[in-house]
Structure formats: structure tokens, C-alpha cells
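Values in this text are rule-based calculations from the coordinates and carry no lab data. None of the values given here were measured: they were computed from a predicted structure. Don't worry about glycine lacking a Cβ; one is built from the backbone with ideal geometry, like all the others, and counts go over all protein chains shown.
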Amino acid sequence: MEEGKGRVCVTGATGFIASSIIKTLLEEGYSINATVRFHPEDKKDLDSLSNLPVASQKLEIFNPDLSSPEIFSAAIEGCVEVFHVATPVDLEVREPEEVETKRSIDGAMGILRASLNSNTEKIRLHFSYCCCSFQRQR
């Protein structure tokens, strides 16, 4: 993968905010390690990323899981910057809120640890769960 200005990891890459960050970073000459929670039916989301200009040379897709934050180390290793934009969103309310919240916190902490262990220069956290907040029925 071409390095250009360096490698940057962006979590939650198929989301609206992360995909915009990726597009901008690619235009500025960065190489991207993008993390996605891949489901086979979401192939169109990956296509929108892989069809970006220079993506074939500068975009690498990783499939870690916030439930196993140590898996993020491979995506973060060697990156000069990390944009943590991923958040677990369960719109169908299949899990209790406490489980979702714990996964989000554990995931963020795992990403921070992996970033510190790989000597990442900058870490940017963006928690956007409030953008899709809704009233849970009890």
C-alpha cells in the first residue's frame, strides 16, 4: 500500500461521518486502514468505499469487532492518526442498553490501548450514538 502522507485508521468506515473523513483523507494523500462491521448483505456499503478515487492503492479494509477490541491492533499498527468514529447501534433493540454501552466503552478503551501501544501520534474520538438516539420501550 502506498504511504504518501502516512497511514490513518478510521473506525466505522461505512458510516456517514467516517466515509466522509475517508474521502477527505484520500484526497489529501493519506493511506487508510478502514474498519467495518461487515455483513454480507452490506456489500454496497463497501463498494461505496472501494469506488473512491485511489482507493485501490490507498485503502485497506479491516473487519474487527468492538466486542473484541484487541483485534483493532492490526488496523492501528503503523498509523500516525486514528479516527474512532464507530459505535454499536442496535435499532432493533435486540440487546439490553447496558450490553451495548459496555461494548462501546470496551471498544473505545481497546482502540485507545492499541493506539498507545503502536505509538500513534493523534487519536480523535467521535461518539455519534446520540445522532440515532431513540426512546427504548421498557
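Applying a 10 Å radius around every beta-carbon, put 111-119, 25-33 in order of their mean neighbour count, most first.
Numbers: 111-119: 17.2, 25-33: 18.9.
Per-residue Cβ counts within 10 Å, averaged per peptide and sorted highest first, yield 25-33, 111-119.
Set the Förster radius R0 to 30 Å, insert the Cβ-Cβ distance between residue 121 and residue 47 as r into 1/(1 + (r/R0)^6), and round the FRET efficiency to 0.05.
Approximately 0.45, to the nearest 0.05.
For labels at residue 28 and residue 106 in the simple 7 Å Cα→Cβ model, what's the distance in nm?
Going from the residue 28 label point to the residue 106 one covers 3.3 nm.
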